[in-house]
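Scroll down for the structure; my scribbles are underneath it.
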Amino acid sequence: MTSPKQVLKSVGPKLVPFFKTLAIYFVVFIPEDNPSLFAMFLKCLPILSLLLFVLMHGMSLGNEYTFSRRILIGLIFSCIGDGLLVWRELFLHGMVAFGIGHMFFISAFGFKPLNIPLGIPMYIASMLGLSMWLPQQALIYKMTVPIYTALLVTMAWRATARVRFFEELWTWTKLCSCVGGLFFVISDAIIGLHMFYSPIPYGQVLIMTTYYAAQLGIALSVVDSKASYIREEEESRKRQLLLDESEQEQGSIIGEGIDLRQRRLGTFGR
């Protein structure tokens, strides 16, 4: 496994733009009740930096970059959602953009291993939360928020399911996507409480801190995606080769058995 020192040395410089734009956002810090194009620009800067980070790790139409492409597109839609959410009247539009982003994240994380026992409590917790929050909301939110929540929870489930501690099949990048998915859930839960239930002290700071942490974790998952794809392809070829050899051996054994049987029948015929 790659040491933390090696990871920091290779990944750290590429994250400098992200941390610089993050610092700019919190230093300038335009309150949420003062929406403007400039506020939108500042809010989107860290995500634009993460888009650059993903691109710096390689991008093409080849299969080895399928994971990275999907994460990139997910970040693009997240950035669009960021811009729209600056204006509260565009909340639904922003939620749609984030929902599309989650679909791309889900497709990147995949459904192997499935790990249903992990997903069940996550869905139950989200349904309990919605049951307490939705009754007081307008009809449009009762129709759209459950769909978005299902996508959000599925994304977090798939990000978390990638980490298999007990089988020692985890990597630091998978752990990052897991943490990112969980932070996304926390950030959106704070948004729901802050905007529609009761204002939370320093709510904007909490929302954006957990949100940027979430997107950073998800973006970091691309670092070894190409190497993982190549390694999985090699393992798949080895398994297929072993399977072919096993089938050949079985065919040879069956053929020898048929020949032996035919010889015995020929002997009895004489």
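List of remarks:
- Segment E233-M143, extension gain: residue separation times 0.36 nm, minus the distance between their alpha carbons: 28.2 nm
- Taking the Cα centre of the stretch 1-115 as origin and assigning +1 to Lys and Arg Cβ atoms and -1 to Asp and Glu Cβ atoms, the resulting dipole is close to 500 debye.
- The stretch between V7 and K112, if pulled fully straight at 0.36 nm per residue, gains 35.2 nm over its current Cα-Cα span.
- Structure remark: mean-square fluctuation, Gaussian network model of the chain, C-alpha springs under 10 Å; the largest value among S107, S68, S221 belongs to S107.
- When the pairs K14/K226; K9/K112; K14/K174; K112/K238; K9/K226 are compared against a 24 Å limit on Cα-Cα distance, K9/K112 fall above it.
- Most mobile of I30, I218, I80 in a GNM of the chain (Cα contacts under 10 Å): I30
- Top positive-direction residue, dipole computed over the stretch 1-96 with Cβ charges, set H93, L8, L50: L8
- As an equivalent ellipsoid, the stretch 102-181 spans semi-axes of 28, 13, 9 angstrom, where each value is the square root of five times an eigenvalue of the C-alpha gyration tensor, largest first.
- Note on the chain: with neighbouring protein chains present and a 1.4 Å probe, carbon and sulfur make up 68 percent of its accessible heavy-atom surface.
- Once the convex hull of all Cα atoms in the chain is built, its volume per residue stands at 189 Å³.
- On the beta carbon distance between E247 and W170, with R0 = 22 Å, the FRET formula returns roughly 0.10.
- Gain on full extension, evaluated as 0.36 nm per residue between N63 and F19 minus their Cα-Cα distance, stands at 12.8 nm.
The values are calculated or read from the model by the stated rules, or taken from the named source; none is laboratory data. Everything numeric here is computed off the predicted structure, so don't read it as measured data. All Cβ positions, glycine included, derive from the backbone under ideal geometry; neighbour counts span all protein chains shown. Protein only, heavy atoms only, side chains kept; ligands, DNA and RNA dropped before computing areas. Shrake-Rupley method; radii C 1.70, N 1.55, O 1.52, S 1.80 Å.
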